[in-house]
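The values are calculated or read from the model by the stated rules, or taken from the named source; none is laboratory data. Because the structure is a prediction, the values reported are computed rather than measured. When we count neighbours, we look across all protein chains shown, and the Cβ atoms used for this are built from the backbone with ideal geometry, even at glycine. These area figures cover heavy atoms from the full protein model, side chains too; ligands, DNA and RNA do not enter into them. Shrake-Rupley method; radii C 1.70, N 1.55, O 1.52, S 1.80 Å.
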Amino acid sequence: VPGLWAVGAAICLVAAGMLLKPTREAFSRYRPGHARYFHKEPFRAAAAWVQRQRRPGDLVVTWDPFVHYNNSELLRYYGVRSPLVPYRRHHLKAPESFWGRYPDQLPRAKRVWVISAHCSEDSRKRVERVVRWGFPRRITGKRFSAAEGTVWVTLLAPAAPEGLPPSR
């Protein structure tokens, strides 16, 4: 009889797991900041705003905390054109490797757009701080909010030439 109870309990656990798996996946899709859920509107608005104000020589750096670089792909889909450089997860631990990875694009850029989404405020600030090593002047910034997440866009420029007042 105890063996029968054990088999019955195992069958119930397997059935419950099969029933709860889709529910768990559905909830994870709607959790803010989860890798698979992306609200289109802030990405569409951010891409349009960046492309309207972008000049030749500008570089876009995207902070994408996920393995598949979904933020970069969405921004490309909505019209952000190359050059587009992803700031990868391992650069948070070794920020100097970001500058070493793109020796051609970063020094030649006239201005840098830093776009981040689906990340913590601390991660976003750390990414901006690393990019500010070479582009210390903050020209403008804008936030595109949605219930599921926020897309942050910041425009950075090199140090001001002598005689010009520093921006904010």
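Zone of Gln53 (label point 7 Å along Cα→Cβ, backbone N under 15 Å): which residues in segment 84-126?
111-116, by backbone N distance to the label point.
Please compute the length gained on full extension between Glu121 and Ala94, using 0.36 nm multiplied by the number of residues separating them and subtracting their Cα-Cα distance. Numbers along the way, then the final one.
Values: separation 27, 0.36 × 27 = 9.72 nm, distance 1.86 nm.
That works out to 7.9 nm of additional length.
Accessible surface of Ile11 in the full protein assembly, 1.4 angstrom probe, to the nearest 10 Å²?
For Ile11, solvent-accessible area is about 110 Å².
Which of the peptides 90-99, 53-62 is most tightly packed, and how do the rest follow, going by the mean number of other Cβ atoms within 10 Å of each residue? Walk me through the intermediate numbers first.
Values: 90-99: 13.7, 53-62: 16.7.
Highest-to-lowest ranking by the protection proxy: 53-62, 90-99.
Could you state how much accessible area Val114 has, in square angstrom rounded to the nearest 10, with a 1.4 Å probe and all protein chains kept in place?
0 Å²
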